[in-house]
Amino acid sequence: MRFVHPPKGSRPGSAKPAGMATVTSRELVLTALEHREPNRVPFNLRPSHELIQELHRHVGEVDFAEHFGHDVRYVGVALEERPADMPEAEWVPQPTTDAIAETSRATREFQERGLAVCGAYACGVFEQAKHWLGDFRTLVAPQEEPEGFARVLDRIVEWKASIYGAYAQAGADIVWMGDDLGTQRSLVMRPAQYREWYRPRHREIVEHIRAIRPRIKIAFHCCGHVTPLVRDLIEIGIDVLEAVQAETMDIGGLKREFGKDIAFWGGVGAQSVLAQPDPEAVAEGVRQTLATMAPGGGYIAAPCHTLTDEVPWQSVLAFHEAVRRYGTYPIAT
């Protein structure tokens, strides 16, 4: 198998098998997230700046997602700028009415082209607390100063809900929230601590988003090992677990146990699959991931995180080639 760029001007993301009616990328994504099998597995990839530059060296100044035909596009909402005399930990910038209108315009433009739209990621409650307070204080504050810590978290919830809610107002197909709750080996806190301090606040954010648009899809980003909390995420109303780091979780077990209740977005190991120097091995790793995660729908194929320049360029090509080659339904297992 030879891994090459798609022909100039091609749109592999919207290609269809011979004799099959055209299905837009947006329809593919929304069908998959309803736990049904579309014509093929929708896919995307988040590249680092270095990989974008690598693409430019090979084919010129083209958009990465356009070139490879990704099914998902991201939109951001601008926030108010922080005054120079305002400490960062006291500044909770809000999306303005004009900013939401601009995001809505960009969203409509993508959707009119048949593309699915996801709001840009904004870190969640736990991550923001760490940013303000530091890792150590965030982890010990529930025991040492619970009342003050609760006030900090509630302030974060109100702020993040306004940001995530802006994407719902703008008409995005997917709101992307989350918190990094796992390490390479385990959770960063006991499940009971998550359920006391963060689950109710995540639920509050989900309810705020749903109050704006009840049927919008909500994706929850979490790196690392998060298996013990997947049922919690389902119960608070999360539609999609994003990242799905194959090096830290049994993705087959996730699909078997939770696949009817939550969709998965990611799962192709950046460390275990895409960092390999052999494109054939990368293609085989992608094929195996598709065979595990794609049957029955409920899956968007993607690396489990933003790819860095540690991933060989040939692996980037191999990922796209393998998704196109092996991602047509019915999936071979």
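The values are calculated or read from the model by the stated rules, or taken from the named source; none is laboratory data. Because the structure is predicted, anything quoted here is derived from the model rather than measured. Neighbour counts run over all protein chains shown; Cβ positions are idealised from the backbone, glycine included.
Out of region 184-234, which residues are buried (at least 19 other Cβ atoms within 10 Å of the Cβ), of a type outside the set (A, V, I, L, M) and over 18 Å from the mean Cα position of the chain (by Cα)? Of everything in region 184-234, those that are buried (at least 19 other Cβ atoms within 10 Å of the Cβ), of a type outside the set (A, V, I, L, M) and over 18 Å from the mean Cα position of the chain (by Cα) turn out to be Tyr194, Trp197, Tyr198, Arg201. Checking each residue in region 154-190 for being closer than 19 Å to Leu233 by Cα and among the hydroxyl-bearing types (Ser, Thr, Tyr) picks out Tyr164, Thr183, Ser186.
Selection over region 278-318 of residues that are within 17 Å of the chain's Cα centre (by Cα), farther than 14 Å from Leu45 by Cβ and among the small types (Gly, Ala, Ser) gives a count of 3.
So if I check each of Lys255, Lys260, which one is over 30 Å from Leu317 (Cα atoms), surrounded by fewer than 24 Cβ atoms within 10 Å (Cβ to Cβ) and not assigned by TED's automatic domain parsing to the domain that holds Gly124? Break it down into steps so the answer makes sense when it comes.
Details: Lys255 fails: over 30 Å from Leu317 (Cα atoms).
Being over 30 Å from Leu317 (Cα atoms), surrounded by fewer than 24 Cβ atoms within 10 Å (Cβ to Cβ) and not assigned by TED's automatic domain parsing to the domain that holds Gly124 holds for just one of Lys255, Lys260, which is Lys260.
Among the residues of region 72-80, is any farther than 17 Å from Val175 by Cβ and at pLDDT below 95? The answer is yes; a qualifying residue exists. Cβ-Cβ distances below 8 Å connect the following pairs, each with a first residue in region 92-111 that is in the same structural domain as Val157 (by TED's automatic domain parsing), a second residue that is surrounded by 14 or more Cβ atoms within 10 Å (Cβ to Cβ) and among the polar types (S, T, N, Q), and a separation of six or more residues or different chains: Gln94/Ser162; Pro95/Thr103; Pro95/Ser162; Ile100/Gln169; Ser104/Gln169. Filtering region 78-94 to residues that are more than 23 Å from Thr107 (Cα to Cα) and not aliphatic (A, V, I, L, M) leaves Arg82, Pro83, Asp85, Pro87, Glu88, Glu90, Trp91. Summed over region 102-156, residues that are assigned to a loop (DSSP other than H, G, I, E, B) and hydrophobic (A, V, I, L, M, F, W, C) total 4.
No other residue among Ala141, Ala166 is surrounded by 21 or more Cβ atoms within 10 Å (Cβ to Cβ) and small (Gly, Ala, Ser) apart from Ala166. Does Gly296 satisfy the condition of being in contact with a Gly (Cβ under 6 Å, 6 or more places away or on another chain), surrounded by fewer than 22 Cβ atoms within 10 Å (Cβ to Cβ) and not assigned by TED's automatic domain parsing to the domain that holds Gly178? Taking the combined requirement at face value, the residue does not satisfy it. Comparison of Glu127, Glu61, Glu66 shows that the only residue that is outside the structural domain of Arg324 (by TED's automatic domain parsing) and either surrounded by fewer than 20 Cβ atoms within 10 Å (Cβ to Cβ) or in contact (Cβ under 8 Å) with a residue 40 or more places away in the chain (or both) is Glu127.
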